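The values are calculated or read from the model by the stated rules, or taken from the named source; none is laboratory data. Note that the coordinates shown come from a computational prediction; the quantities given were computed from them, not determined experimentally. Cβ placement follows ideal geometry from the backbone for every residue including glycine, while neighbour counts extend to all protein chains displayed.
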Amino acid sequence: MKTKICFGLLVLLLAFASCKEKKETGLNWPVLDLMPHGLPIAVMAPDSARVSVTKVGAIEDVTVINEGAERYSVQIYVQPVITSDMAELKANQINEVKSNADFLQILEEDERSFLYSLKQLNGTTYSFRYVHLQADKEYVFTTGFNETFTLEEAKRLLQAVRQNQETGE
């Protein structure tokens, strides 16, 4: 009997830890399929997220923003691939970010993405870039413009975007 109680408590503890981890990482957001908007990709986003697409020539600007209480704003730029060299594509994004007069520093980096900080009048804001290639398109994910995010919020958005793209390959 004592063993069953201990085992039950252990299972509950593991379940609680698992739920807590999902909430912190943003992985509790459902997958939002963007195919109805003409994009063969998906992102993890809150249920109340709204999608808008603007096309200028061959470039598409996709905004996924939450209309609920939870902070979520992701911008996706879609354009024809100019090279399949991921290092070059990411370097182009780094150069673009560093050209911003408010750029402070790159905080984290991997082969497809980087997290960076920008100075603002009221402190520091954080953002990311994540480059994804699919077929003949380059998808650049970033935080929504004119939005300010804490480091934790930017990491959560990046992880949700990264998780969905890398598991979808």
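Assorted remarks:
- Extreme residue, nearest to Asn28 (Cα to Cα), among residues of segment 142-169 that are polar (S, T, N, Q) and buried (at least 20 other Cβ atoms within 10 Å of the Cβ): Asn164
- Only a single item in (1) of a type in the set (Gly, Ala, Ser); (2) part of a strand (DSSP E or B); (3) over 16 Å from the mean Cα position of the chain (by Cα) is not met by Ala87, and it is number (2).
- Residue-level analysis places Tyr116 among those that are among the hydroxyl-bearing types (Ser, Thr, Tyr), touching a helix residue (DSSP H, G or I) at 6+ places or on another chain (Cβ under 7 Å) and modelled with pLDDT of 95 or more.
- Looking across segment 17-42, just one residue is at positive phi and at pLDDT 50 or above, and that is Gly38.
- Only one entry in Tyr139, Tyr126 is more than 23 Å from Ser52 (Cβ to Cβ) and surrounded by 12 or more Cβ atoms within 10 Å (Cβ to Cβ), namely Tyr126.
- Out of Glu147, Glu96, Glu138, sole residue that is part of a strand (DSSP E or B), among the acidic types (Asp, Glu) and under 19 Å from the mean Cα position of the chain (by Cα): Glu138
- Segment 57-68 residues that are surrounded by 16 or more Cβ atoms within 10 Å (Cβ to Cβ), paired with ones that are part of a loop (DSSP other than H, G, I, E, B) and among the hydroxyl-bearing types (Ser, Thr, Tyr) (beta carbon under 9 Å, 6 or more apart): Val64/Tyr72; Ile65/Tyr72; Asn66/Ser48; Asn66/Tyr72
- Among residues of segment 82-99 that are closer than 13 Å to Glu138 by Cβ, those with a beta-carbon under 6 Å from a residue that is charged (D, E, K, R) at least six positions away or on a different chain give the pairs Gln93/Arg129.
- The listed residues are Tyr72, Tyr116, and the only one of them that is farther than 21 Å from Ala45 by Cβ, buried (at least 20 other Cβ atoms within 10 Å of the Cβ) and not β-branched (Val, Ile, Thr) turns out to be Tyr116.
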